[in-house]
1. Say whether the condition of being within 21 Å of I62 (Cα to Cα), charged (D, E, K, R) and assigned to a helix (DSSP H, G or I) is met by at least one residue in the range 346-367.
2. Going through the range 52-73 one residue at a time, which ones are at pLDDT below 95, under 18 Å from S380 (Cα atoms) and buried (at least 20 other Cβ atoms within 10 Å of the Cβ)?
3. Those residues that are under 18 Å from the mean Cα position of the chain (by Cα) and among the small types (G, A, S), I need them from the range 249-288; list them, please.
4. Scanning for something over 22 Å from the mean Cα position of the chain (by Cα), surrounded by 19 or more Cβ atoms within 10 Å (Cβ to Cβ), free of Cβ contacts under 8 Å to residues at least 60 places away in the same chain and not in a helix (DSSP H, G or I), does the range 98-114 turn up at least one residue?
5. As an exercise: evaluate T334 against (1) more than 25 Å from S171 (Cβ to Cβ); (2) at pLDDT 95 or above; (3) polar (S, T, N, Q) and give the number of the one condition it does not meet.
6. When the residues of the range 301-313 are filtered to those that are surrounded by fewer than 22 Cβ atoms within 10 Å (Cβ to Cβ) and not aliphatic (A, V, I, L, M), which remaining residue is nearest to the chain's Cα centre (by Cα)?
7. Return yes or no: is R342 more than 20 Å from the chain's Cα centre (by Cα), within 20 Å of K65 (Cβ to Cβ) and not small (G, A, S)?
8. Scan K336, K322, K347, K270 and give me the residue that is closer than 23 Å to T377 by Cα and basic (K, R).
Amino acid sequence: MKLFKFLRKAEKEIPRNLEKKNIIRKKNVGAVFIQQLIDGEMFGFGEPWQLTSDSLSAVVPILRKFDRDRNYLVLQEIPKAKVNVADSGRINRLSFELKGVKRPVFVRAGTIFKGHGTQSRTSSIGVVLAPKKLNLVEVFCVHASHGISPRSGLSTMIDVVPRKVENVLTSPFKSQMMIWRAAAVRGFRARVTVCPGCGSSKLLQTYEAEIVCMQCGYVISPTLRNDPGNEVVPRIRVGDATNRVRQRTRRDDLITNLDEMRKFNQEVEKMLSKIPADLNSQIGIVIIDSRGVLGLEIFDHPDSWRAFSRSIVHNYADILAKERAGDRLFELKTDKVSDAIRRFLEKAQKLSETSTFKNKISETWMFSGELAGEYTTMGSDVIHLTLKRKATKYA
């Protein structure tokens, strides 16, 4: 009888112990991956790239040293006809159905979905979609004054959300109101055509509506040269909202704001194209500013990185342009960049991790502590990781 009780007790405890060990193992996957970046056996860092010789900022390519297979795709690689994205009727959910796609599909946090007859959204966390089934994905609205239209379609954009919105997504306290505030821009259209500092016409407009001279780094604040705008009044509406959009709140539309920014920046596109984003075996970047490492993003495969590379590096173009060494009083010591990256990664190893999404094929974890970010795993492999310094403000 005692033996029987012992066996029954052991039968109950063993699965629990295995489950507990499994949870601990998964929580450590991010730290193991970061240690691999530090060790440098599987990954390497390219030469720092600066916009000008007096820049205090730089881009450092992350390279993979050995080839590997990839058992998933990213959403931007799939033809539109094979992906059905539909409004679920709830502001925080979209439904995804893959048609004829046999492999799982990764959706990066901050992917933008343009609404057709419904409000546009952005994915709140990185997720992996399972093929041959209906997937529900957590999202945020990025067009506050537009209503919801259940079952209306949305299309996937190449762009990712601007840095201002991404900072909210990496916060553990993120909310829809914070996203609306970050996505809205007042007085977006610019009148300036030449730099007041050096006379150059190579001007970059940021999502925050600053104008930065790519030649000398001069920054023109939006409060000095924009038309007065109206405060955004977020509204959640259910049903057909085609005739309800008010023109006076149009600047709360993230996609329209991005389109205007892109048109303004056409003249400096050649300069932006010089930022190293598509080197052989490149899988990510590290961004260095005057304070050290601002952030990094890495995928496990060059094809995955290539789907986002230009959009991601453009998000940091203003940092590369406006951080300059005035009168050569300071300079970026490129020989110290590797030490700065190591210190940043060592900080990352000490972060806490919280599971934010899980299905049968993947899991996503959010970091909390001195830095912010998240990573997504398939099995024991990290397929995507993003880390950055915490933003001082989100809107």
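1. Looking for residues that are within 21 Å of I62 (Cα to Cα), charged (D, E, K, R) and assigned to a helix (DSSP H, G or I), one finds at least one in the range 346-367, hence yes.
2. Those that are at pLDDT below 95, under 18 Å from S380 (Cα atoms) and buried (at least 20 other Cβ atoms within 10 Å of the Cβ): none in the range 52-73.
3. A277, G284
4. Yes; the residues of the range 98-114 include at least one that is over 22 Å from the mean Cα position of the chain (by Cα), surrounded by 19 or more Cβ atoms within 10 Å (Cβ to Cβ), free of Cβ contacts under 8 Å to residues at least 60 places away in the same chain and not in a helix (DSSP H, G or I).
5. Of the numbered conditions (1) more than 25 Å from S171 (Cβ to Cβ); (2) at pLDDT 95 or above; (3) polar (S, T, N, Q), the odd one out for T334 is (2).
6. Checking each candidate, the answer is S311.
7. yes
8. Within the list K336, K322, K347, K270, the selection yields K347.
The values are calculated or read from the model by the stated rules, or taken from the named source; none is laboratory data. Values in this document were obtained by computation on a predicted structure and should not be read as measured data. Neighbour counts run over all protein chains shown; Cβ positions are idealised from the backbone, glycine included.
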